[in-house]
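The values are calculated or read from the model by the stated rules, or taken from the named source; none is laboratory data. The structure presented is a predicted model; accordingly, all values stated were derived computationally and were not measured. Every residue, glycine as well, gets a Cβ built from its backbone with ideal geometry; the counts of neighbours run over all protein chains shown. What goes into the accessible areas is simple: the full protein's heavy atoms, side chains included, and nothing from ligands, DNA or RNA. Shrake-Rupley method; radii C 1.70, N 1.55, O 1.52, S 1.80 Å.
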Amino acid sequence: MKSPLLSLPGAVPAEGVDEGVAAHYGDLFREQRSLADGTGFVDLSHRGVLTVHGDDRLTWLHLLLTQHVSDLPAGRATESLILSAHGHIEHALYLVDDGATVWMHVEPGTQAALLGYLESMKFFYRVEVADRTGEFAVVHLPAGSIAEPPDGAVVRETAHGRDLFLPRADLPAFAERHAPAAGLLAYEALRIEAHRPRLGFETDHRTIPHEVGWIGDAVHLDKGCYRGQETVARVHNLGKPPRRLVFLHLDGSEVHLPPHGAPVRLADEGPDGRKLGFVTTSARHHELGPIALALVKRSVPPDAPLIAETTAAAQETVVQP
C-alpha cells in the first residue's frame, strides 16, 4: 500500500519488499541521528497488520507460536515465530495484547499467507482473525522518544522503541505532529547495529531460529508443543546450529555496499575462495560507517578476517559458534 507520507518533502520511495514507504527524505545520516537521539518517527505503514479477537485468543496462539503467550499481560510486547514441521522459520510476528485483542504486525506481503494459516487452525476455539492492513498503519517511535501516542492508538513498547497501530487515515496528521520523518534506510541501519534479524533478509527457506539469535526473544524453550519444536529442542541440546549470524564492519574505502546475497569468503582465500555464507543486509551507519549482517557456516573461525563480495570485512560475533 502506498503511504500518503511519500508526498512529504524530499521523500524517495523504497524499493523491493519495502515499496510503498520512503527509503529516506533526503538526508540519511541526519535521519539516523534523529532516531538515535529519540526524535522523529519511521513510517512502517507498508507492514501487514492482523488482529486476533476472542476469549481463547491467547491460549489458542500459545499452541501455534514459538513464544509463551498464554498469560501475556495486556500491554506487554513480545515477538514470536511460526515454524514449519522441520523447524524452518515461516513467519515472524510482533505482538501486543490490548486486553481484548491481540495486535500483530508482520513483514510486507506475508499477511495473507499468515491469515490463511491461522484460519486453518481455528477448529473449535473462540477466536476471530482479521487482516486489518487496509484500516491500520504501523509507525515507529524510537527509544527515548517523549512523543505522546494519539488517542486510540495501540502501543507496542520494546527496548528499541514503540510501534504504534493507528488508523491509516490519521497518518498525515501524525506526521505533522511528530516530525521529522526518518526513512527505512535509517531504521535499517540502526536495526543492523542492534544485531536484530529480519524475516526474508537474515532468513532463507532453511533458516532455523538458533542461527539468527531468535532464541529467547522470539522462541521460549520451556513451553508446550508447537510445530517445529523438535528441531528447536534438538539443536538447543546439541548446541550446533549449521550457520550463525555475524555482524560485519566493512572496509570504509569501498564506495559499493555488498547487496543481499553477496558471497562471504575467508580473506586469506581471496574473492575466488570457497563461499562460506552470504550478506543478509548492509547499510551506511552515521557513526560506524559501512556495516552489514551476514549468515556464515558455523565452522568459520570467529576471529577470521572475511571478504563480503569484494569488500574486506571484520566480523563481530552475534550467534556463538
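Build a GNM of the chain with springs between Cα atoms under 10 Å: which of Ser70, Ser120, Ser34 gets the top mean-square fluctuation?
Evaluated over the chain, the most mobile residue of the options is Ser120.
Summing +1 for each Lys or Arg and -1 for each Asp or Glu, what net charge is found among the other residues whose Cβ lies under 15 Å from the Cβ of Arg57?
Working: positive: Arg76, Lys122, Arg126, Arg132; negative: Asp55, Asp56, Asp71, Asp97, Asp98, Glu119, Glu128.
Residues close to Arg57 contribute a combined charge of -3.
What is the set of long-range amide H partners of Gly109 at a cut-off below 5 Å, with H atoms built 1.01 Å from backbone N?
Gly48
Taking the Cβ of Val264 as the centre, find all other residues whose Cβ is under 9 Å away and add up their charges (Lys, Arg: +1; Asp, Glu: -1). Spell out each step's value before the answer.
Numbers: positive: Arg265, Lys275; negative: Glu309.
That works out to +1.
Between Ala169, Ala23, Ala283, find the one with the highest GNM mean-square fluctuation for the chain; connect C-alpha pairs within less than 10 Å.
Residue with maximal mean-square fluctuation among Ala169, Ala23, Ala283: Ala169.
Quick one: which residues, 5 or more positions from Arg132 or on another chain, have an amide H under 5 Å from its amide H? H modelled 1.01 Å from N in the peptide plane, none for Pro or chain starts.
Those lying under 5 Å, H to H, from Arg132 are Val49, Leu50, Thr51.
Give me the net charge of Leu114's neighbourhood, meaning all other residues with Cβ under 11 Å from the Cβ of Leu114; Lys, Arg count +1, Asp, Glu -1. The partial results should precede the final answer.
Details: positive: none; negative: Glu90, Glu107, Glu119, Asp131.
With Lys, Arg at +1 and Asp, Glu at -1, the net is -4.
What number, rounded to the nearest 500 deg cm²/dmol, is the helix-based mean residue ellipticity at 222 nm of the chain, given -39500 (n - 2.57) per DSSP H run of at least four residues and division by all its residues?
Details: 7 runs with 58 residues, N = 321.
Estimated from H runs of four or more residues: -5000 deg cm²/dmol.
Could you give me the ³J(HN,Hα) list for the range 148-154, computed from phi with Karplus coefficients 6.51, -1.76, 1.60 and θ = phi - 60°, whole Hz, x at Gly and Pro?
8, x, x, 4, x, 7, 8
Heavy-atom accessible area per residue, the chain, 1.4 Å probe: how many Å²?
Values: 13870 Å² over 321 residues.
Per residue, the chain has an accessible area of 43 Å².
Please find, in a Gaussian network model of the chain (springs between Cα atoms separated by less than 10 Å), the residue of Gly40, Gly261, Gly16 whose mean-square fluctuation is greatest.
Of Gly40, Gly261, Gly16, the Gaussian network model singles out Gly16 as fluctuating most.
So, with +1 on the Cβ of K and R and -1 on the Cβ of D and E, and no other charges, what is the size of the charge dipole of the range 158-232 about its Cα centre, to the nearest 20 debye? Provide the component values of the computation, followed by the final result.
Numbers: 9 positive and 11 negative charges, 35 e Å.
For this selection, approximately 160 debye.
Can you match Cα extents along the principal axes in Å to one of these, (i) 59, 46, 38; (ii) 59, 51, 29; (iii) 73, 38, 32, based on a calculation from the structure here?
(ii)
Counting only DSSP beta bridges with both residues in the chain, tell me the antiparallel percent, nearest 5.
Working: 64 of 67 bridges.
Percentage antiparallel, nearest 5: 95.
Once Lys and Arg get +1 and Asp and Glu get -1 on their Cβ, which of Ile146, Val318, Pro4 lies farthest toward the positive end of the dipole of the chain?
The Cα lying farthest towards the positive end belongs to Val318.
Each residue of the range 129-146 in turn: what ³J(HN,Hα) in whole Hz from Karplus with 6.51, -1.76, 1.60 and θ = phi - 60°, glycine and Pro shown as x?
Values, residue by residue: 10, 9, 8, 10, 4, x, 9, 10, 10, 9, 10, 10, 9, x, 4, x, 5, 9 Hz.
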